[in-house]
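S.K.: Here it is: the structure, laid out below.
Each reported figure results from applying straightforward, stated rules to the coordinates on display, with no laboratory input. Quick caveat: nothing in here was measured; it's all calculated off a predicted structure. Don't worry about glycine lacking a Cβ; one is built from the backbone with ideal geometry, like all the others, and counts go over all protein chains shown.
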Amino acid sequence: MTYIVALTGGIGSGKTTISNSFKKIGVNVIDTDIIGKKIVEKNIEIFNSIKKKFGNSILNSNHSINRKLLRKYVFNDKQIKLWLENMLIPEIYKESKKQIKLVNAIWCLWVVPLLIEKKLNTIADRILLVDTPEKIQIQRIIIRDKISRYQAKKIIYQQTRRNKRILISDDIIFNKNKNIKILDTYVYYLNNFYTYLFSKYKFKKKIFKKNYLTKLY
């Protein structure tokens, strides 16, 4: 059985940086954002539903979905956000399960930004949080997405609050402007830690879950 470590964190916290570090050392990474992107591109039924909802204006010149525009609609309208998530989440979860079954390793990393919002935390054997102060999140997404401070705050306030994420997490990487070498060191440690845990407690899944708490600052 492959153990599942769910990696989560708020927007702009650095989830991609951390997941890429795990990839570099050979850890199997299953990213729901990547899965969701492929579903939007390749699932004809979902593609047509999005096109019908927003019209041709949602399409790029090559007739693919304009994800930047779609994201803008989502973060400006809670009903649209809910409509899209209700359509995508079941398909994303189904594909996640398929990919996890194919993993031939002790453990894998499942990257799930909406882990708490969609109550998927009970599926994971362990939860790794990338934690970042809200001020840093805002600065990062303003630069990354080229949006206003107001828009950045609006996006953050639609997500689960930081203290709730901390409460449900087993392990925490505090990512406040850490350089990549430090983050790589954290990741290297966690890979060894998880390999040890999941080997030792292979047949005691329920016992080990809350036995340890790792905070990397």
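S.K.: For segment 50-62, in order, what is each residue's ³J(HN,Hα) by Karplus, 6.51 cos²θ - 1.76 cosθ + 1.60 with θ = phi - 60°, in whole Hz (x at glycine and Pro)?
M.R.: 5, 5, 5, 5, 10, x, 5, 5, 7, 9, 6, 4, 8
S.K.: For the cross-link pairs Lys146/Lys181; Lys98/Lys176; Lys101/Lys176; Lys24/Lys52; Lys38/Lys135; Lys42/Lys164, which exceed 30 Å when the distance is taken from alpha carbon to alpha carbon? Show your work: numbers first, answer last.
M.R.: On the way: Lys146/Lys181 27 Å; Lys98/Lys176 34 Å; Lys101/Lys176 34 Å; Lys24/Lys52 40 Å; Lys38/Lys135 32 Å; Lys42/Lys164 35 Å.
Distance filter (> 30 Å) returns Lys98/Lys176; Lys101/Lys176; Lys24/Lys52; Lys38/Lys135; Lys42/Lys164.
S.K.: Now for a separate question. Please compute the modelled spin-label separation between Lys146 and Glu117, points set 7 Å along Cα→Cβ, answer in nm with one decimal.
M.R.: Going by the 7 Å Cα→Cβ label model, 2.4 nm.
S.K.: So if I place +1 on the C-beta of Lys and Arg and -1 on the C-beta of Asp and Glu, and nothing else carries charge, what would the dipole magnitude of segment 41-102 be about its Cα centre? I want it in debye, nearest 20.
M.R.: Dipole about the Cα centre, nearest 20: 120 debye.
S.K.: Hey, if you drop one equal point scatterer on each alpha-carbon of segment 41-102 and run the Debye formula without solvent, what base-10 log of I(q)/I(0) do you get at q = 0.14 Å⁻¹?
M.R.: -0.45
S.K.: If amide hydrogens are placed 1.01 Å from N in the peptide plane, which non-local residues have theirs closer than 5 Å to the one on Thr214?
M.R.: Under 5 Å from the amide H of Thr214: Asp171, Ile172.
S.K.: Counting other beta carbons within 10 Å of each Cβ, put Tyr189, Tyr194 in order, fewest first. Display every interim value, and only then the final one.
M.R.: Working: Tyr189 12, Tyr194 23.
The fewest-first ordering by Cβ neighbours comes to Tyr189, Tyr194.
S.K.: Using unit Cβ charges (K, R positive; D, E negative) and no other charged atoms, how large, in debye to the nearest 20, is the dipole of the chain about its Cα centre?
M.R.: Charge dipole, the chain, about its Cα centre: 320 debye, nearest 20.
S.K.: Then there is this: Check which residues have an amide H placed less than 5 Å from Asp31's amide H, if you skip close sequence neighbours.
M.R.: Sorted by chain and number, the residues that satisfy this are Val111.
S.K.: Related question: What translational D, rounded to a whole number of µm²/s, comes out for segment 122-202 from Stokes-Einstein when the hydrodynamic radius is the Kirkwood one over Cα pairs, at 10 °C and 1.306 mPa s?
M.R.: 108 µm²/s
S.K.: Work out how much length Phe54 to Thr214 would gain on full extension: take 0.36 nm times their residue separation and subtract the Cα-Cα distance, in nm to one decimal.
M.R.: Full extension of this stretch gives 53.1 nm more.
S.K.: Write out the chymotrypsin sites (Phe, Trp or Tyr not before Pro) in segment 1-89 meeting two conditions: DSSP loop, and at most 14 other Cβ atoms within 10 Å of their Cβ.
M.R.: Passing both the DSSP loop test and the Cβ count: no residue.
S.K.: Output wanted: per-residue J couplings in Hz (rounded whole) for segment 65-76, from phi through Karplus 6.51 cos²θ - 1.76 cosθ + 1.60, θ = phi - 60°, x for Gly and Pro.
M.R.: For segment 65-76, the Karplus curve yields 6, 7, 5, 5, 5, 4, 4, 5, 4, 4, 7, 9 Hz.
S.K.: At a Förster distance of 30 Å, what's the computed FRET efficiency of Phe174 paired with Asp77, Cβ-Cβ distance as r, to 0.05?
M.R.: On the way: r = 33 Å, r/R0 = 1.10.
It comes out at approximately 0.35.
S.K.: Give the long-range amide H neighbours of Asp131: residues separated by 5 or more places, or on another chain, with amide H under 5 Å away, using H modelled in the peptide plane at 1.01 Å from N.
M.R.: When sequence neighbours closer than 5 places are left aside, the close amide H contacts are Ile173, Phe174, Asn175.
S.K.: With loop defined by DSSP as not H, G, I, E or B, and exposure as at most 10 other Cβ atoms within 10 Å, which is the longest segment of the chain clear of exposed trypsin sites (Lys or Arg not before Pro)?
M.R.: Working: sites that count: Lys119, Lys146, Lys204, Lys210.
Longest gap between qualifying sites, sites excluded: 1-118.
S.K.: Based solely on its DSSP helices, what 222 nm [θ] is calculated for the chain when runs of n ≥ 4 H residues each add -39,500 (n - 2.57) and the sum is averaged over all residues, nearest 500 deg cm²/dmol?
M.R.: -17000 deg cm²/dmol
S.K.: May I ask what percent, to the nearest 5, of DSSP beta bridges between residues of the chain are antiparallel?
M.R.: Taking every DSSP beta bridge with both residues in the chain, the antiparallel ones total about 5 percent.
S.K.: Kindly write out, for segment 94-107 in residue order, the coupling ³J(HN,Hα) from the Karplus curve 6.51 cos²θ - 1.76 cosθ + 1.60 (θ = phi - 60°), rounded to whole Hz, with x marking Gly and Pro.
M.R.: 4, 5, 4, 4, 4, 5, 5, 5, 7, 6, 10, 8, 4, 8
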